[in-house]
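Here's the structure, in structure tokens; my notes come after.
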């Protein structure tokens, strides 16, 4: 079975704070809208690598998706559009989004 991962990365911004707890609540609502098509998600708080002055990304979010078609349909739902507007107003940091096919994972199991 093909799996997908929708990823959102928030680059470091020295001028902007990021409330991970609030973002987790928004991410849960995002996953809920996707329903059974989203098999799970994770939110990661970026930490500086040794020798680096700051993190590259302050937050990384991954959502594990079963169907790309169902994902696209959910993204068009009115409640998703409203949530995406709320997420956009959550921080001024411009996120980087990517949708991938998972070609291997030792974590994802059926």
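Mean separation of Cα pairs under 8 Å and 6+ residues apart, divided by the residue count of the chain: what relative contact order is that in percent?
Details: 155 pairs, mean separation 49.9, N = 110.
45 percent.
Using Cβ contacts closer than 10 Å as the measure, can you line up 66, 81 from fewest to most?
On the way: 66 16, 81 11.
Ascending number of Cβ neighbours within 10 Å: 81, 66.
Based on the mean of other beta carbon atoms within 10 Å per residue, what is the order of 3-10, 82-89, 15-22, most packed first?
Working: 3-10: 17.8, 82-89: 12.4, 15-22: 10.5.
Put in order of decreasing packing, that is 3-10, 82-89, 15-22.
Which parts of segment 25-54 would a label at residue 66 reach, counting a residue when its backbone N lies under 15 Å from a point 7 Å out along Cα-to-Cβ?
The answer is 32-41.
Per-residue ellipticity at 222 nm for the chain, helices alone: DSSP H runs ≥ 4 residues times -39500 (n - 2.57), over residue total, nearest 500 deg cm²/dmol?
-10000 deg cm²/dmol
Subtracting the Cα-Cα distance from 0.36 nm times the residue separation, let me have the gained length for residue 99 to residue 85 in nm, one decimal.
Working: separation 14, 0.36 × 14 = 5.04 nm, distance 1.93 nm.
Length difference between fully extended and current span is 3.1 nm.
Taking a quarter of the surface of the Cα convex hull of segment 46-107, what do you get in nm²? Intermediate results must be reported in sequence, preceding the final value.
Details: hull surface 25.2 nm².
In nm², the orientation-averaged hull projection of segment 46-107 is 6.3.
By how many degrees, between 0 and 90 and to the nearest 10, does the Cα long axis of helix 78-90 differ from the longest principal axis of the chain?
10
On C-alpha positions alone, give me the angle between the axis of helix 20-34 and the longest principal axis of the chain, in degrees, nearest 10.
With both axes taken from Cα atoms, the answer is about 10 degrees.
In terms of the ratio Rg/(2.2 N^0.38 Å) built on C-alpha atoms, what value belongs to the chain?
Details: Rg = 14.6 Å, N = 110, 2.2 N^0.38 = 13.1 Å.
Rg over 2.2 N^0.38 Å, computed on Cα atoms: 1.12.
Every read-out reported here was derived from the displayed coordinates using simple, explicitly stated rules and does not represent laboratory data. Remember, it's a predicted structure, so these values are computed and weren't measured experimentally. For neighbour counting, all protein chains shown are included, and Cβ atoms are generated from backbone atoms with ideal geometry for every residue, glycine included.
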